[in-house]
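Have a look at the structure below before the remarks.
The values are calculated or read from the model by the stated rules, or taken from the named source; none is laboratory data. All figures in this text were calculated on a predicted structure; none of them were measured in a lab. Cβ placement follows ideal geometry from the backbone for every residue including glycine, while neighbour counts extend to all protein chains displayed. We work out accessible area using only protein heavy atoms, side chains counted, and drop any ligands, DNA or RNA first. Shrake-Rupley method; radii C 1.70, N 1.55, O 1.52, S 1.80 Å.
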Amino acid sequence: ILHAVIQTFLRPRLKCIDGELCLITGAGGALGRLFAQEFAKEGAHLVLWDCNTAANEQTAKLARELGVQVHTYTVDLSKRQNIYETADRVRAEVGEVSILVNNAGVVAGRRLLDCPDELLERTLLVNCHALFWMTKAFLPQMKANNHGHIVTIASALGLFSTACVEDYCASKFGAVGFHESLTHELLAEDMDGIKTTLICPYIVDTGMFAGCEIRKELRSLIPPLEPLYTVQQSMKAILAEQQMICIPRLMYIAFLTRALLPWEANVATYRFMGGDKCMLPFIQNVELKTSNGHIKS
Ligand SMILES: NC(=O)C1=CN([C@@H]2O[C@H](COP(=O)(O)OP(=O)(O)OC[C@H]3O[C@@H](n4cnc5c(N)ncnc54)[C@H](OP(=O)(O)O)[C@@H]3O)[C@@H](O)[C@H]2O)C=CC1
Ligand SMILES: CC1=C(/C=C/C(C)=C/C=C/C(C)=C/C=O)C(C)(C)CCC1
């Protein structure tokens, strides 16, 4: 506790990752692209994975302009074999990955009973199962060198839940559990050269949860996060080798009250803050886009 208190007041020493090889999944997406740029600014060479080739190449172009080497791979993270095969190619064509950022994520965005099973399954495969296969593919090399860093981009919804995003909450609670257990395993094995960081942001303004909102009067108190701010805060935590970060800090309170308060008190808080129905406009948005043919089902 003393150590944590001192750390809060001291400016933490940030590690140097110049020349390290960093793999980012979902690198064509909003946060993935910003992570790629921030890691490139720190001098890390990049391996970028995404299922969207064009978006991934665009991220690579932006990162190369910052003077680092970038390798791109088109991969479907919902397919275990595709992950293992692409990991083999990375090892053969690029080298040893020492920083792994598991960032790719999806959400069904439909009410449970209206949602095709495949879409629910995909959320679990991409947000949770892929963490197992990515770790099995890249941890052995890190262990051999007792050097590496595994970053899990989870969510505040991996620490407490809300209505109508069962697939997403289950996958992110799974991601948090996986990350914690892995961290304990590395500590128990004295693998002190392999660090882990868990990132749990509130709504980020990337479009993934477009429409999700809490009670109007409280929106200015807890506004959606700016993507760049989210990634910069995450980078600080990663480079300081911090075990976990909630963004903003207010999310620690939501996490704590979930555990400390009786269930009924939590329900009352959700109702008061509009946390109970925050996903309804988001789901309506998705329905609208789907019926207009904008979103692949
Ligand atoms: N936005 C938010 O409010 C929050 C997001 N997060 C988490 O942050 C992470 C990044 O989110 P964000 O940048 O907003 O999301 P984006 O949708 O912008 O980016 C996600 C990227 O992952 C790619 N992807 C999706 N499925 C697969 C797959 N099967 N295989 C390979 N790549 C895939 C997407 O490709 P495509 O676009 O083609 O599907 C996209 O490029 C996610 O894990 C998300 O859960 C956490 C808290 C809040
Ligand atoms: C439920 C709830 C809240 C709202 C949380 C929301 C709206 C979270 C959205 C998170 C997202 C979209 C994460 C994506 O990964 C409050 C107001 C903090 C109060 C406590 C209960």
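The set of residues in segment 35-60 that are open to solvent by 30 Å² or more (accessible area, probe 1.4 Å) and within 15 Å of ligand 1 (Cβ to nearest atom) comprises Gln37, Cys51, Asn52, Thr53, Ala54, Glu57, Gln58. The single residue among Leu187, Leu221 that is surrounded by fewer than 16 Cβ atoms within 10 Å (Cβ to Cβ), hydrophobic (A, V, I, L, M, F, W, C) and part of a loop (DSSP other than H, G, I, E, B) turns out to be Leu221.
Restricting segment 140-171 to residues that are in contact with a Cys (Cβ under 6 Å, 6 or more places away or on another chain) and without any contact (Cβ under 8 Å) to a residue 24 or more places away in the chain, the residue that is nearest to ligand 1 (Cβ to nearest atom) is Leu157. Contact map, segment 89-115: first residue free of Cβ contacts under 8 Å to residues at least 60 places away in the same chain, second residue open to solvent by less than 80 Å² (accessible area, probe 1.4 Å), Cβ cut-off under 6 Å, separation 6 or more or different chains; pairs are Val106/Thr123; Val106/Val126; Cys115/Ala108. Going by the structure shown, is Lys79 within 25 Å of Tyr168 (Cβ to Cβ) and open to solvent by 20 Å² or more (accessible area, probe 1.4 Å)? In short, yes. With respect to the conditions (1) surrounded by fewer than 18 Cβ atoms within 10 Å (Cβ to Cβ); (2) away from ligand 2 (no atom under 16 Å from the Cβ), Trp133 lacks only one, and its number is (1). Beta carbons closer than 7 Å, at least 6 apart along the sequence or on distinct chains, pair a first residue in segment 117-139 that is farther than 17 Å from Val90 by Cα with a second that is in a helix (DSSP H, G or I) and charged (D, E, K, R) for Leu120/Asp167; Thr123/Asp167; Leu124/Asp167; Asn127/Lys172.
If you go through segment 136-157 and keep only what is open to solvent by less than 10 Å² (accessible area, probe 1.4 Å), assigned to a helix (DSSP H, G or I) and of a type outside the set (Gly, Ala, Ser), you end up with Phe138, Met142. If you scan segment 261-279, which residues turn out to be surrounded by fewer than 16 Cβ atoms within 10 Å (Cβ to Cβ), assigned to a helix (DSSP H, G or I) and either touching a residue at least 60 places away in the same chain (Cβ under 8 Å) or basic (Lys, Arg) (or both)? Answer for segment 261-279, where residues must be surrounded by fewer than 16 Cβ atoms within 10 Å (Cβ to Cβ), assigned to a helix (DSSP H, G or I) and either touching a residue at least 60 places away in the same chain (Cβ under 8 Å) or basic (Lys, Arg) (or both): just Arg271. Contact map, segment 193-213: residues that are in contact (Cβ under 8 Å) with a residue 24 or more places away in the chain and of a type in the set (Ser, Thr, Tyr) paired with residues that are open to solvent by 20 Å² or more (accessible area, probe 1.4 Å) and near ligand 1 (Cβ under 6 Å from one of its atoms), Cβ distance under 6 Å, separation 6+ or inter-chain. Pairs shown: Thr206/Ala30. Taking first residues from segment 74-85 that are more than 20 Å from Glu57 (Cα to Cα) and partners that are at pLDDT below 95 and of a type in the set (D, E, K, R), no Cβ contact under 8 Å between residues at least 6 apart in sequence or on separate chains turns up. Gly207 falls short on exactly one of the conditions (1) crowded, with 18+ Cβ neighbours inside 10 Å; (2) closer than 30 Å to Leu100 by Cα, and that condition is (1). Quick check: anything in segment 147-154 within 10 Å of ligand 2 (Cβ to nearest atom) and touching a helix residue (DSSP H, G or I) at 6+ places or on another chain (Cβ under 8 Å)? Within segment 147-154, one or more residues are within 10 Å of ligand 2 (Cβ to nearest atom) and touching a helix residue (DSSP H, G or I) at 6+ places or on another chain (Cβ under 8 Å). Within segment 281-296, identify whether any single residue is among the aliphatic types (A, V, I, L, M), in a helix (DSSP H, G or I), within 16 Å of ligand 1 (Cβ to nearest atom) and surrounded by 15 or more Cβ atoms within 10 Å (Cβ to Cβ), and answer yes or no. Checking segment 281-296: at least one residue is among the aliphatic types (A, V, I, L, M), in a helix (DSSP H, G or I), within 16 Å of ligand 1 (Cβ to nearest atom) and surrounded by 15 or more Cβ atoms within 10 Å (Cβ to Cβ). Of the candidates Leu250, Leu288, Leu218, Leu225, the single residue that is closer than 29 Å to Arg33 by Cα, within 9 Å of ligand 2 (Cβ to nearest atom) and of a type outside the set (Gly, Ala, Ser) is Leu250. Candidates Arg249, Arg258: the one that is within 28 Å of His3 (Cβ to Cβ) and touching a residue at least 60 places away in the same chain (Cβ under 8 Å) is Arg258.
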